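First the structure, in the form of structure tokens, and then the observations on it.
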Amino acid sequence: MAKWGNADFEQLKQLQDRLQKLEQIDLDKFCRDVSKELAARLLALVIPRTPVGDYPNETGKKGGTLRRGWTGGKNAGAKSYAESLPISKAGNTYTIEVINPVEYASYVEFGHRQTPGRFVPAIGKRLTASWVDGQYFLTLSEEDLQRMAPAVIQRKLDQLLREVFNG
């Protein structure tokens with residue numbers, strides 16, 4: 001009869017223990033954390049791209065209302081504001097809403113019509129064009145986030161798996 005030799009199954013037992021530890025991980029929390037990370041990155045992209053109004057000094061107006069609107073008017077950073085946003089889950093989809101509540105945000109984003117010849121006291125000029133092109137600050141930021149999201153998710157997943165298998 002042939003002798004098969006010795007086998008050490010300790011590493012297989014360790015792998016089994018780590019796989020059981022992986023099953024105990026709260027994937028819901030992981031998905032929520034990734035959602036908040038992506039929301040913070042979107043805010044970090046869109047806030048600097050958002051235009052700031054330029055008003056003459058004599059009007060007393062200060063620009064930046066639209067830009068401040070991304071954080072709900074709070075003086076909070078993108079990451080801290082994203083942490084405060086609620087996340088909803090429907091099936092396997094996690095949704096986090098990043099909105100700008102300023103009433104004219106969509107007009108600046110997508111463009112708008114106006115009446116040529118009308119005098120606007122806020123800028124001290126008459127309007128000349130019938131259409132103002134949109135600036136697409138949110139649209140461009142969303143496209144950038146779509147490109148970087150797989151790498152961000154992969155990095156977070158790699159970190160999670162390293163913690164499970166190395167720790």
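General observations
- Scanning the range 49-59 for residues that are farther than 20 Å from SER84 by Cβ, assigned to a loop (DSSP other than H, G, I, E, B) and not acidic (Asp, Glu) yields PRO51, VAL52, GLY53, TYR55, PRO56.
- From the list VAL108, VAL152, VAL120, the one residue that fits, being in contact with a Gly (Cβ under 8 Å, 6 or more places away or on another chain) and of a type in the set (A, V, I, L, M, F, W, C), is VAL108.
- Contacts under 9 angstrom Cβ, first residue in the range 145-167 being aliphatic (A, V, I, L, M), partner loosely packed, with under 14 Cβ neighbours inside 10 Å and not in a helix (DSSP H, G or I), 6 or more apart: LEU160/ILE25; VAL164/ILE25
- In the range 104-123, residue nearest to LYS36 (Cα to Cα) [restricted to those that are part of a loop (DSSP other than H, G, I, E, B) and among the polar types (S, T, N, Q)]: GLN114
- Residue within the range 74-86 that is of a type in the set (S, T, N, Q), loosely packed, with under 11 Cβ neighbours inside 10 Å and either more than 25 Å from GLU142 (Cα to Cα) or touching a residue at least 40 places away in the same chain (Cβ under 8 Å) (or both) present: no
- Residues of the range 106-160 satisfying the condition of being loosely packed, with under 12 Cβ neighbours inside 10 Å, of a type in the set (A, V, I, L, M, F, W, C) and out of contact with any helix residue (DSSP H, G or I) (no Cβ under 7 Å at 6 or more places or on another chain): PHE119, VAL120, ALA129, TRP131, ALA151
- Some residue of the range 50-64 being closer than 16 Å to LEU138 by Cβ, within 15 Å of the chain's Cα centre (by Cα) and surrounded by 14 or more Cβ atoms within 10 Å (Cβ to Cβ): yes
- Candidates SER130, SER141 - the one that is among the hydroxyl-bearing types (Ser, Thr, Tyr) and either touching a Leu at 6+ places or on another chain (Cβ under 7 Å) or within 30 Å of PHE30 (Cβ to Cβ) (or both): SER141
For (1) assigned to a helix (DSSP H, G or I); (2) at pLDDT 90 or above, each residue gets a yes or a no:
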{"site": "GLN11", "(1), (2)": "yes, no"}
{"site": "GLN14", "(1), (2)": "yes, no"}
{"site": "ASP33", "(1), (2)": "yes, yes"}
{"site": "ILE47", "(1), (2)": "yes, yes"}
{"site": "GLY63", "(1), (2)": "no, no"}
{"site": "VAL98", "(1), (2)": "no, yes"}
{"site": "VAL102", "(1), (2)": "no, yes"}
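The values are calculated or read from the model by the stated rules, or taken from the named source; none is laboratory data. Treat the numbers as computed from the prediction; the structure is a model and nothing was measured. We place every Cβ from the backbone using ideal geometry, glycine too, and count neighbours over all the protein chains shown.
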